[in-house]
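**Q** Mind having a look at this structure? Questions to follow.
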Amino acid sequence: DVSSPKHGKVDPNNMPHVGGNTWAGGTGGRDTAGLGGKGGPYRLDAGHRVYQISQAEKDAVPEEVKRAAREMGEKAFKQRLKEIQMSEYDASTYERFSGAVRRQVQSLHIILDNLQ
């Protein structure tokens with residue numbers, strides 16, 4: 001079961017972590033920032049294969065945990081904007097322009113990766 005959202009420990013070796021309730025950037029776990037899990041405060045990609053839990057498991061997260069995760073994610077987002085000296089308006093403008101070319105940028109990434 002989920003208890004409370006947290007960032008989680010950072011693995012200095014960036015090893016893949018699947019499931020559990022400890023590591024930031026893991027996949028398919030609970031309560032920590034990562035991908036494919038449930039109850040975490042925000043998505044955090046450590047570059048590993050993603051293991052996805054079922055939507056039914058995600059839907060079973062209690063509302064108070066979802067609310068706490070949203071609040072923690074919003075706080076982390078605002079802190080990151082402050083660190084990079086960007087306003088919320090700047091972030092929404094960036095997202096609007098970035099979203100318009102996201103597909104083309106992804107295609108270019110694939111092409112450049114293949115050329116390497």
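The values are calculated or read from the model by the stated rules, or taken from the named source; none is laboratory data. As the structure is a prediction and not an experimental result, all values here were calculated from the model. Methodologically, a virtual Cβ is constructed for each residue, glycine included, from the backbone with ideal geometry; neighbour enumeration extends over all protein chains shown. When the accessible area is computed, the model is the full protein with side chains, heavy atoms only, and any ligands, DNA or RNA have been set aside. Shrake-Rupley method; radii C 1.70, N 1.55, O 1.52, S 1.80 Å.
**Q** Considering the range 48-78 alone, what residues qualify as being polar (S, T, N, Q) and outside any loop (DSSP other than H, G, I, E, B)?
**A** GLN55 - this is the single residue of the range 48-78 that is polar (S, T, N, Q) and outside any loop (DSSP other than H, G, I, E, B).
**Q** Something else now. Which residues, counting only those in the range 29-69, are open to solvent by less than 60 Å² (accessible area, probe 1.4 Å), under 17 Å from GLY8 (Cα atoms) and among the hydroxyl-bearing types (Ser, Thr, Tyr)?
**A** Answer for the range 29-69, where residues must be open to solvent by less than 60 Å² (accessible area, probe 1.4 Å), under 17 Å from GLY8 (Cα atoms) and among the hydroxyl-bearing types (Ser, Thr, Tyr): just THR32.
**Q** Is it the case that ASP45 is in a loop (DSSP other than H, G, I, E, B), of a type in the set (Asp, Glu) and within 11 Å of the chain's Cα centre (by Cα)?
**A** Yes, satisfied.
**Q** Are any residues in the range 79-101 open to solvent by 100 Å² or more (accessible area, probe 1.4 Å), part of a helix (DSSP H, G or I) and either among the aromatic types (Phe, Trp, Tyr) or within 24 Å of ALA33 (Cβ to Cβ) (or both), and if so, which ones?
**A** Selection gives ARG80, LYS82, GLU83, GLU88, TYR89, TYR94, PHE97.
**Q** Looking for whichever is in the same structural domain as HIS17 (by the TED database), of a type in the set (Gly, Ala, Ser) and under 21 Å from LYS6 (Cβ atoms) here; the options are ALA76, ALA56. Which one fits?
**A** On inspection, the qualifying residue turns out to be ALA76.
**Q** Condition first: surrounded by fewer than 16 Cβ atoms within 10 Å (Cβ to Cβ) and farther than 20 Å from ARG80 by Cα. Can you find one or more residues in the range 21-28 that meet it?
**A** yes
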